[in-house]
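Comments concern the structure below.
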Amino acid sequence: MSDYQERIARAEQTIAAHASRWDGIAAEAVARMQVQNRFDTGLAIARHTAAVMRRDMTAYDRDPTAYTQSLGCWHGFVAQQTVISIRKHFGTTKGRYIYLSGWMVAALRSEFGPLPDQSMHEKTSVPALIEEIYTFLKQADARELGLMFRELDAARAAGNAIEAQRLIHGIDQYESHVVPIIADIDAGFGNAEATYLLARKMIEAGACALQIENQVSDEKQCGHQDGKVTVPHEDFLAKIRACRYAFLELGVPDGIIVARTDSLGAGLTKQIAYSREAGDLGDLYNGFLDCEPVADITALDGDVVIVRDGAPMRPKRLPSNLYQFRAGTGEDRCVLDGITSLQHGADLLWIETEKPHIAQIAGMVDRIRAVVPDAKLIYNNSPSFNWTLNFRQQVHDGWAADGRDVSGYDRARLMSADYDGSELAIEADARIRSFQRDASARAGIFHHLITLPTYHTAALSTDELAREYFGEAGMLGYVAGVQRREIRQGIACVRHQNMSGSDIGDDHKDYFSGDAALKAAGAANTMNQFAA
């Protein structure tokens, strides 16, 4: 007996136990509602998706071509349409996740209005968005299963037992739209206790993977802006432990912690690390500080002094009361950050870089893997990079180094559309196309994400519609540019009443009221115009 049929049988037993008082309850309707809501809590989602990610991580260890991907989403509907599109085009969600970007929460979901990525938005908005996304993803399941139930009823009505059995098998084997979310917890929004409390809320909402960065919480900056300030390793490790405790307390032992280092672009620290002995983590962290010899101890006025190679040294303190690292130490600090995080509880690394350059990433990963052989990265394929310009310059410089003639190209103008059909531009685009595959094979990148893609697609598509609709095209701007394309590309949202849950509601009305149900999907429903 299939799972679906077993659910019906169990429901029949439960209903029968209440004799005639439950006569209006249909066992198959109960089974259908159960199947449509198989994840009853956020923790059930977190446990399920954590197991999915763990399996994917194991598969990547065996085969680096089995990398995973995600797109950043700022609304439940956007996430829902992303996963529906994945299912439509590729038939499976395997290896595809959702990324929840703190940047987009700040810019699009804060009650203060649009904010920069500086942890100024309400921290409760992050778990609220996780819950919202999973509400929409579960609704996508309910909608699609509802369509399968209608097909099952039609097959039975036609006496087609083989088709009915095929549909029941499909219901049993149904692949959910509920995919892993990698959720941005910024720098923890406070101390380790604040990090733990927020981590709990995020996990309870369904997050199986938390990404935390090594910046100072109250000085936090976007990873691709200046002014970043990092914390000593012990401070960061306390927050990693706080996240792990939250996972374990809530019964999600497979929960995943992504330790992000911003050290490559961070030249400042707020604290001098505590050191017990030479060579410990505190000493190593302080070893990167930009210091000057102390010639006259009597001239010190409230300054911190450390000992380096047996000599007293004064870390250079800025007017902001911050200390600066020596120039050129970023990669070394990233390597130490990565090794330390993986050795003390993190599962994956995130190295924030200033450009998409495989050799740069691989150079750091090779050094990390010399100590932690199974180190794996999550990489931000960021819209903050000018991908076209970066890769055209990489090709230009590579060709020049190989002695090829690049005199026909002005390196300062390589972004120009004048070069779009050139051999250099074609080669650059080929490298962009293969970047994820090549970086995963060479640089240990398990997961590729784009943080802000749907922020930019919303702006671009709205600009195109506004230009046409408010211009000479008028209504044709919408019809030709949106609706006609939806119909011809098979975008399910063209039947927006169905997507919003109208048919699910009709099913429920039928369960609850039977022949007395007043349903929306009658002959007068204009959605019937899209049935073909």
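What the table shows:
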item	result
For a label point 7 Å along the Cα-to-beta-carbon line of residue 528, residues of the range 474-498 with backbone N under 17 Å	495-498
Under 24 Å from the Cα of residue 519 - lysines, other chains or at least 8 residues apart	138, 509
Dipole moment magnitude, nearest 20 debye, the range 165-268 about Cα centre, only Lys, Arg, Asp, Glu C-beta charged	180 debye
Over 18 Å (Cα to Cα) - which of 270/355; 220/270; 228/270; 239/376 fall in this group	270/355; 239/376
Positive-end residue of 89, 202, 401, charge dipole of the chain with Cβ unit charges	89
Of 302, 8, 456, farthest towards positive along the dipole that unit charges on Lys, Arg, Asp, Glu beta carbons give the chain	8
Neighbour-count order for 493, 291, fewest beta carbons within 10 angstrom listed first	493, 291
Overall form of the range 420-532 per C-alpha gyration tensor (a/c, 1.5; a/b vs b/c)	oblate
Nearest 10 degrees, 0 to 90: helix 3-16 Cα axis against the chain principal axis	60 degrees
Residue (of 188, 229, 158) at the positive-pole extreme of the range 157-316, dipole from beta-carbon charges	158
Order of 468, 277 - criterion: other Cβ atoms within 10 Å of each residue's Cβ, fewest first	277, 468
Between the range 270-331 and the range 439-482, the Cα center-to-center distance that results, in Å	48 Å
Global geometry of the range 240-399, whether rounded, prolate or oblate, following the gyration tensor of its Cα atoms and the 1.5 cut on a/c	oblate
Correct option for Cα extents along the principal axes in Å [calculated from the coordinates] among [x] 72, 62, 44; [y] 74, 59, 56; [z] 95, 63, 46	[z]
Interchain or long-range residues, amide H under 5 Å from residue 268's placed H	230, 325
Charge dipole magnitude, Cβ of K and R +1, D and E -1 - the range 386-445, Cα centre, debye nearest 20	280 debye
Ranked 284, 248, 145, 465, criterion: other C-beta atoms within 10 Å, fewest first	248, 465, 284, 145
Separation of alpha-carbon centers, the range 348-372 and the range 1-33, rounded to whole Å	55 Å
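No lab work stands behind these numbers, since they all come straight from the coordinates. Every value quoted in this text rests on a predicted model; they were computed, and no experiment measured them. Reconstructed Cβ throughout: ideal geometry from the backbone, glycine too, with neighbour counts over all protein chains shown.
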